[in-house]
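Below you'll find the structure, written out as structure tokens, and then a few comments.
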Amino acid sequence: MTNHDEAAAVRPSALAWVSGHLEAGERIVGTEALQGGITAEMRRLTIGTRDGGTRDLVLRAFVDPFFVEHAEDLLNREAGVLTLLEGTGVPAPGLVAVDPTAAHCEYPSLLMTHVAGRTILDDEGLEARVPLSARQLVAIHAVRPAERPREFEAWTTADSVVPPNGADAAVWAAATEVIRKPAPPYERRFLHRDFHPGNVLFAVPPSPAGLRITGVVDWVGYRPPGARRTSVWRTAPPTSRCRTDRRGVRGSLRPMRRPAGCWPRPRASGCTGGCWTGWRSRRLRSGWRGRGATRGGRS
């Protein structure tokens, strides 16, 4: 087996577990660390097939203590959604196997098919990507699971919203007033709950006219009615730095300081959430869990 780098190495028990879910005559011939994963280690596994060809799988492993603690709920949730989406036309990975409690692997893991494509986090093809993404959301919302989605729950309160520096104050004030009022009548629909450019894969041909979505990934955010809330973050220190701001707030992608009250309310404050891993790890090492952590929030 060849590794592109040391970080691509997959732990022995995970390799054995994956091998047990391959077809007869197949074997793992290569591994590669995938970039961009914030909450888990992502590895692409190249599988040698009986006919001499190859195919790719992806191994998602929660190695951080915070996510190991909540992995059973998160990975079972994602496994259920991937199974639900089979045959729906929504381009999501296919589920191969899941080990949510690390009964077989060193860490809680999920094995899925590989989806070709790449994320686009800048202005490349923006005019074409926006309508494509909107149509993809319509297709996602059209899915009708047997279990109805849970009731509406706001991720923030009007009093906790802090507009970022330089934001349009009038727009933010109007949005804040919307969440201050009771929710209007609505029909419950299936949602991704973390649909952003980092979770959408595109095939990028030479001509912009051929741009298309090849996959939507990271489905741990969906929670059916009655599902247990996980213990997740409620507050964040004011010195955290965000990876990017939200397009439309400042008009470009750039580092920014996290507005007060951002987590767990990134959508209300303009933060995309790329900052949270560092501060959460530091706080966990010092024994901090956040005020009201058992009340849940984003996951």
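Hey, can you grab everything whose amide H is under 5 Å from the amide H of residue 92? Only 5+ residues off in sequence or another chain; H modelled, so Pro and N-termini drop out.
Long-range HN contacts for residue 92: 216.
When you count, for each residue, the other Cβ atoms within 10 Å and take the mean per peptide, how do 164-174, 88-98 rank with the highest first?
On the way: 164-174: 12.9, 88-98: 17.7.
So the peptides 164-174, 88-98, ranked by packing, come out 88-98, 164-174.
Ordered by residue, what ³J(HN,Hα) values in Hz, to whole numbers, does region 65-76 give under the Karplus form 6.51 cos²θ - 1.76 cosθ + 1.60, where θ = phi - 60° and Gly and Pro are x?
x, 4, 7, 4, 4, 10, 5, 4, 5, 5, 6, 5
Bear in mind these aren't lab numbers, they're just calculated from the coordinates by the rules spelled out. No experiment lies behind these values; they were computed from the predicted model shown. Cβ atoms come from the backbone with ideal geometry, glycine included; neighbour counts cover every protein chain shown.
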